[in-house]
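Worksheet: one structure, shown below.
The values are calculated or read from the model by the stated rules, or taken from the named source; none is laboratory data. Just so it is clear, the structure is predicted and the values come from calculations on it, not from any experiment. Note: ideal-geometry Cβ built from the backbone for every residue, glycine included; neighbour counts use all protein chains shown. These area figures cover heavy atoms from the full protein model, side chains too; ligands, DNA and RNA do not enter into them. Shrake-Rupley method; radii C 1.70, N 1.55, O 1.52, S 1.80 Å.
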Amino acid sequence: MPTKTNIQTLVRENVKKLKPYSSARDEYKSMGTDMVFLDANENPYQTDVNRYPNPHQRNVKDELAKIKGIRPEEILLGNGSDEVLDLLFRAFCEPGKDNVITLPPTYGMYKVLSEINNIENREVLLSKDFEPQVSSILDNADAHSKLLFLCSPNNPTGNTFSEEKVEELLQEFNGLVIIDEAYIDFSGKESWLSRLQQYPNLVITQTLSKAYGMAGIRLGICCASREIIDILKKIKPPYNVNQLTQQRALNRILDVENVKAEVADILKGRDQLFKVLMEVSYVEKIYPSDANFILVQVDDATARYNQLIEKGIVIRNRSTQPLCENTLRFTVGTTQENEKLIAALKSLT
């Protein structure tokens, strides 16, 4: 981003003027553990969840900051990454006026959120090798282009985008560049978190749903400059991450060795699945993957999908996506699940 660009010029005027809701737990400053709480109209009887949760999720943020090498004030947590993404739309995009740019084939919620928020979605297809087409992206951008979404490693293709292309977009795009790193823990490539201080327009989203195995608790992570995080905090619901989610998230984040072991097993399973797929006659192309899934082109995706369903295996048919004709997406499972998939694949004719 050119140094003359100010983040405040991207923010919606009503958000600039907004005075955020102040909860009881925002106003109270801790003075010790032996306190009587009669401030929030809660039920006083202990159920473990009778009190409102920490609105700023400080314990979780502190541990995430240590792991990711950033400061807690550079982190915003949401009810899944979808809430984090929605907050970006609502903070920076004026309905009926501004636009965002997405790069199909990609994660479908970007388009859904643009429609919900009445924001024009300008789609610029990836190249045939699933890379951002920088010149086309910049040609499609104008003064009202507020957000650019880069999913890297990309869903459904599995590849990590070229560092040079992403760097050029960070330098030339005059809005926020959101890099969705939901699958970064399965990649050998470095996270863009290490460049957070270098680019004031960089926003990185991650999740506990994939490598951490916490999809059921719905915890999304947004990392950006303190200035951007403070803007998002103004509009987030006061207690958007519940107490049970915070507790489960903290326990799992601290379980470092088990998480590493599970990721290593998934990567081993991915490599094994690659080798098997190369020997399957109806597989026409296997795309490289930095994620916990593999995209494969087959002779007839619909037929193969239905055959696998009949054998009790659910995968994803991605053939409706641009550049993804006759493709299936296989998520890497446990050793036993992968063995069942492999046996089914070999049995099909």
Quiz item: Any chance the stretch 47-60 includes a residue that's at pLDDT 90 or above, in contact with a strand residue (DSSP E or B) (Cβ under 7 Å, 6 or more places away or on another chain) and closer than 20 Å to Gln243 by Cβ?
Solution: yes
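Looking at Asp230, Asp180, Asp185 in this structure, which one is open to solvent by 20 Å² or more (accessible area, probe 1.4 Å), acidic (Asp, Glu) and within 19 Å of the chain's Cα centre (by Cα)?
Numbers: Asp230 fails: within 19 Å of the chain's Cα centre (by Cα); Asp180 fails: open to solvent by 20 Å² or more (accessible area, probe 1.4 Å).
Answer to the check: Asp185.
With the stretch 225-292 as the region, which helices (runs of 4 or more DSSP H) entirely inside it contain at least 3 residues that are modelled with pLDDT of 95 or more and under 26 Å from Glu131 (Cβ atoms)? Talk me through it step by step, then tell me what you get.
Details: elements: 226-235, 243-253, 256-277.
So the answer is 256-277.
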Practice problem: Only one of these is β-branched (Val, Ile, Thr), open to solvent by 10 Å² or more (accessible area, probe 1.4 Å) and either modelled with pLDDT under 95 or not in a helix (DSSP H, G or I) (or both): Ile309, Ile313. Name it. | Solution: Ile313
Quiz item: Where in the stretch 45-139 are the strands (runs of 3 or more DSSP E), entirely inside, with at least 2 residues that are open to solvent by less than 40 Å² (accessible area, probe 1.4 Å)?
Solution: 75-78, 99-102
Practice problem: Residue by residue through the stretch 241-299, note down the ones that are among the small types (Gly, Ala, Ser) and surrounded by 12 or more Cβ atoms within 10 Å (Cβ to Cβ). | Solution: Ala249, Gly269, Ser289, Ala291
Quiz item: Within the set of pairs 6+ apart or on separate chains, which have a first residue in the stretch 74-99 that is of a type in the set (Lys, Arg), a second that is surrounded by fewer than 21 Cβ atoms within 10 Å (Cβ to Cβ), and C-beta atoms under 7 Å apart?
Solution: Arg90/Asn117; Arg90/Ile235; Lys97/His144
Self-check item: Counted residues, the stretch 200-224 - those being surrounded by fewer than 20 Cβ atoms within 10 Å (Cβ to Cβ) and in contact with a Leu (Cβ under 7 Å, 6 or more places away or on another chain)
Solution: 1
